[in-house]
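The values are calculated or read from the model by the stated rules, or taken from the named source; none is laboratory data. A quick note: this is a predicted structure, and the numbers were derived from the prediction, not measured. Here the Cβ is made from the backbone with ideal geometry for all residues, glycine too, and neighbour counts use every protein chain on show.
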Amino acid sequence: MTGRNRRPFVAAVTGLGMVTPAGVGVAETWRTVTESDAPTSVGPLGELDGLPCDFMYTITGLDTEQIFGAAALRLMDRFTQLAVIAAREALADAALDTSAWDSARVAVVIGSAHGGLPFYDAQHAVLAQKGARRVSPMVAPLSMVNGAASNVCTDLGIHGPSMAVTTACCSGTMAIGTAYQFLRAGACDVAIAGGAESLRSRLIYAGVCQMKAMSVRRDDPARACRPFDVDRDGFVIGEGAGLLVMERPEHARARGARIRAGIAGYAATSDAHSMAAPHPDGIGIERALRTAMAEADVAAADVGHVNAHGTSTVLNDLIEGNAVHRVLGDHGLVTSTKAMTGHTLGAAGGIETALTILSLQHRLVPPTVNLETPDPRIPVEVVRKESRPVAANCAVKSSLGIGGHNAALVLIRE
């Protein structure tokens, strides 16, 4: 890194799983986000007809009925289905044999901002229109945020600690951070962590539109999400899941596992400022970045890449960009991949951490698609137009969430 002594990383990432609007699976998602002219799966959604923001990024080419069967689908909300699919891919990528592991030493931590709220909304309509006798007995278990973690445990036969993290758009990153802390404390040998979300809720869409946080570029949805651009007007929601298999480094090495990257630092902070907006001075995300870097014992000059939260809202991009610059100065190429995936809310941290790990492995930073005119008030170097090579062995993932949540992860190339 810089010749300085560095603390060995706490968590070895040995597997990745993703299902996103950019592609079903890790390889397809990575290929799409690194090709600036790749088509995007964003457009109007029937459930949102009549709303000012009636479009979202959706996953195409995914036959969940073929994967699970019709009977099983009735027992899982869509965000849970996506989590199970991503977990299966991550486990296969890690080459972990579930028949040989100690399932009581495996943890599952999955973040989501809203969980099964779409199913809850649908059943509320059933109650209003058809009466209580027509309401599904599965309303409670299918709408709970812990549904993804519970179903992944059931699907894979995991008996260790299992939990959900729900801190708005920080949920996926904080889930990974929580798993990191489990591994550091010796509470498990293996953890499956990240985020999952599929929010097709008219109520939430209407409310967020009222907050003026979502783009209203209905005439050109594919170009509506434009992080760090001077003409950005809000985010566009997407659905997806991104999960990591994380292990204690000695556990991974003992079984001869391929280590994709190491997680060497993590921090979470609160703004204590507003339920709807980040602190105008960015003190929370700045402190999270500094604390995570101090824990990893890395300097600004070590950081070659920052995968930013970069939502395409006026305030978030301005505040985050300036906080990153205060911490890193002119170091680190910055990108936001949300213009290719949409803002997947609680899943964003899981998906984007996986993409950051792939950036380290491939030594390539994806472009911030749709960024035409960088906002001159944001002093960081944002990658745009096409992917850029980067030789550094350290990257940072930052996340901010409504309610004042902030989180940062420091990742290093093995």
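The figures follow:
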{"item": "Subset of segment 82-104 that is of a type in the set (Gly, Ala, Ser), over 18 Å from the mean Cα position of the chain (by Cα) and assigned to a helix (DSSP H, G or I) - its residue that is farthest from Leu156 (Cα to Cα)", "result": "Ala94"}
{"item": "Residue tally, condition out of contact with any Lys or Arg (no Cβ under 8 Å at 6 or more places or on another chain), in contact (Cβ under 8 Å) with a residue 40 or more places away in the chain and not in a helix (DSSP H, G or I), over segment 146-162", "result": "5"}
{"item": "Flag if Arg287 is at pLDDT 95 or above, surrounded by fewer than 17 Cβ atoms within 10 Å (Cβ to Cβ) and over 16 Å from the mean Cα position of the chain (by Cα)", "result": "no"}
{"item": "Count of segment 357-373 residues which are surrounded by 18 or more Cβ atoms within 10 Å (Cβ to Cβ) and more than 18 Å from the chain's Cα centre (by Cα)", "result": "2"}
{"item": "Filter result for Ala11 (in contact (Cβ under 8 Å) with a residue 24 or more places away in the chain, aliphatic (A, V, I, L, M), touching a Pro at 6+ places or on another chain (Cβ under 8 Å) and more than 17 Å from Gly157 (Cβ to Cβ))", "result": "yes"}
{"item": "Members of segment 163-179 found to be crowded, with 24+ Cβ neighbours inside 10 Å and either basic (Lys, Arg) or outside any loop (DSSP other than H, G, I, E, B) (or both), listed by number", "result": "Val165, Cys169, Cys170, Ser171, Gly172, Thr173, Met174, Ala175, Ile176, Gly177, Ala179"}
{"item": "Tally of residues being touching a strand residue (DSSP E or B) at 6+ places or on another chain (Cβ under 7 Å), of a type in the set (A, V, I, L, M) and part of a loop (DSSP other than H, G, I, E, B) across segment 189-217", "result": "2"}
{"item": "Given (1) among the aromatic types (Phe, Trp, Tyr); (2) more than 30 Å from Ser201 (Cα to Cα); (3) part of a helix (DSSP H, G or I), index of the condition Phe79 fails", "result": "(2)"}
{"item": "Residue list for segment 256-298, restricted to those being over 21 Å from Glu352 (Cα atoms), touching a strand residue (DSSP E or B) at 6+ places or on another chain (Cβ under 9 Å) and of a type in the set (A, V, I, L, M, F, W, C)", "result": "Ala257, Ile283, Ala294"}
{"item": "Contacts under 7 angstrom Cβ, first residue in segment 375-389 being assigned to a strand (DSSP E or B), partner not hydrophobic (A, V, I, L, M, F, W, C), 6 or more apart", "result": "Val382/Thr335; Val382/Thr368; Val382/Pro374; Pro389/Arg363"}
{"item": "Among residues of segment 1-31, those that are surrounded by fewer than 22 Cβ atoms within 10 Å (Cβ to Cβ) and either modelled with pLDDT under 95 or in a helix (DSSP H, G or I) (or both), counted", "result": "13"}
{"item": "Residues that are buried (at least 24 other Cβ atoms within 10 Å of the Cβ) and of a type in the set (D, E, K, R), drawn from segment 299-317", "result": "Asp317"}
{"item": "Subset of segment 245-257 (residues that are outside any helix (DSSP H, G or I), among the hydrophobic types (A, V, I, L, M, F, W, C) and over 16 Å from Arg184 (Cα atoms))", "result": "Ala257"}
{"item": "Residue satisfying all of: in segment 105-139; in a loop (DSSP other than H, G, I, E, B) and among the hydroxyl-bearing types (Ser, Thr, Tyr); surrounded by the fewest Cβ atoms within 10 Å (Cβ to Cβ) among these", "result": "Ser136"}
{"item": "Flag for Ala267 being surrounded by 18 or more Cβ atoms within 10 Å (Cβ to Cβ) and of a type in the set (Gly, Ala, Ser)", "result": "yes"}
{"item": "Hey, Glu65 modelled with pLDDT of 90 or more, over 15 Å from the mean Cα position of the chain (by Cα), under 24 Å from Val334 (Cα atoms) and surrounded by fewer than 17 Cβ atoms within 10 Å (Cβ to Cβ) or not", "result": "no"}
{"item": "Options Gly43, Gly25, Gly61; residue that is touching a residue at least 12 places away in the same chain (Cβ under 8 Å) and closer than 16 Å to Ala83 by Cα", "result": "Gly25"}
{"item": "Residue match in segment 333-356 (condition: in contact with an Asp or Glu (Cβ under 7 Å, 6 or more places away or on another chain) and surrounded by fewer than 24 Cβ atoms within 10 Å (Cβ to Cβ))", "result": "yes"}
{"item": "Any hit, segment 134-146, residues being within 22 Å of Gly350 (Cα to Cα) and among the basic types (Lys, Arg)", "result": "no"}
